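Novice: For reference, the structure I am asking about is given below.
The values are calculated or read from the model by the stated rules, or taken from the named source; none is laboratory data. Please read all numbers here as calculations on a predicted model, not as lab measurements. In this analysis, Cβ positions are derived from the backbone assuming ideal geometry, glycine residues included, and neighbour counts consider all displayed protein chains. Remember, those area values only see protein heavy atoms, side chains included, never the ligands or the DNA or RNA. Shrake-Rupley method; radii C 1.70, N 1.55, O 1.52, S 1.80 Å.
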Amino acid sequence: MNIRKAVMSDCETIYQLIKHYAREGKLLSRTYTSIYENLQNFYVADDGGKVTGIASLHILDKDLAEIRSLAVDPEYKGKGIGKELVKKIITETNRLQIENLIALTYQIEFFSKLGFHIVDKQSLPQKMWKDCINCPKLPSCDETAMLKKVWQQELIKK
């Protein structure tokens, strides 16, 4: 399995995976246009040419990024694909020197094992005012906000 940046030919699979989990109420749906416009933010797990999982990195502010659209093909669940995708997103967040990475999720145990901890959604105004304000789940959002510190600027000693 190889984790790589998504390319245009991955869009149909990305769309179908998101659609599958959106029907189950586990992800917010996305349009083809949204996927095209944000393709540079997506990573895919590629198993010999077959996309088996997806995740995207969305930057919200200078010190906050979010994992979005994390999904694994149901036939490939339990093989560590989601974990590898999250690790790739963490590595990229660290490379970009963004301090905090969040996920709004139903998979609390999964993210806890990767070093995320639960935070109050109200402590994330960048997310609340940028995205949540337009979300159909806003009045009764049942996702849990989780955060991981991924980068800390080293103190320069004089």
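Novice: Can you tell me which of (1) closer than 16 Å to Thr105 by Cα; (2) of a type outside the set (Phe, Trp, Tyr); (3) modelled with pLDDT under 95 is the one Leu60 doesn't meet?
Specialist: Leu60 satisfies all of (1) closer than 16 Å to Thr105 by Cα; (2) of a type outside the set (Phe, Trp, Tyr); (3) modelled with pLDDT under 95 except (1).
Novice: Do you know which residues across the range 84-111 are over 12 Å from the mean Cα position of the chain (by Cα), buried (at least 16 other Cβ atoms within 10 Å of the Cβ) and among the aliphatic types (A, V, I, L, M)?
Specialist: Ile98
Novice: Can I ask one more? Ala6 versus (1) under 24 Å from Thr144 (Cβ atoms); (2) buried (at least 19 other Cβ atoms within 10 Å of the Cβ): which is the lone unmet condition?
Specialist: Going through (1) under 24 Å from Thr144 (Cβ atoms); (2) buried (at least 19 other Cβ atoms within 10 Å of the Cβ) one by one, Ala6 breaks only (1).
Novice: Something else: For the range 63-84, give me each residue that is in a helix (DSSP H, G or I), under 17 Å from Asn2 (Cβ atoms) and of a type in the set (D, E, K, R).
Specialist: Selection gives Lys83, Glu84.
Novice: Identify the single condition in (1) outside any loop (DSSP other than H, G, I, E, B); (2) under 28 Å from Trp151 (Cβ atoms); (3) in contact (Cβ under 8 Å) with a residue 40 or more places away in the chain that Leu27 does not satisfy, given that it satisfies every other one.
Specialist: (1)
Novice: So, one more: Which members of the range 82-108 meet the condition of being farther than 15 Å from Leu57 by Cβ and at pLDDT 95 or above?
Specialist: Of everything in the range 82-108, just one residue is farther than 15 Å from Leu57 by Cβ and at pLDDT 95 or above, namely Lys83.
Novice: In the range 24-80, which residues are among the small types (Gly, Ala, Ser) and surrounded by fewer than 19 Cβ atoms within 10 Å (Cβ to Cβ)?
Specialist: Scanning the range 24-80 gives Gly25, Ser29, Ser34, Gly48, Gly49, Gly78, Gly80.
Novice: Same structure again: Quick check on Ile89: is it touching a His at 6+ places or on another chain (Cβ under 9 Å) and aliphatic (A, V, I, L, M)?
Specialist: no
Table: residues versus (1) out of contact with any strand residue (DSSP E or B) (no Cβ under 8 Å at 6 or more places or on another chain); (2) not in a helix (DSSP H, G or I); (3) not β-branched (Val, Ile, Thr).
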| position | (1), (2), (3) |
| --- | --- |
| Ser34 | yes, no, yes |
| Tyr43 | no, yes, yes |
| Ala55 | no, yes, yes |
| Val86 | no, no, no |
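Novice: A further question on this structure: So which pairs qualify, if the first residue must be in the range 99-125 and more than 20 Å from Tyr21 (Cβ to Cβ) and part of a helix (DSSP H, G or I), the second must be open to solvent by 40 Å² or more (accessible area, probe 1.4 Å) and at pLDDT below 95, the Cβ gap must be under 8 Å, and the two must be at least 6 apart or on different chains?
Specialist: Lys121/Cys141
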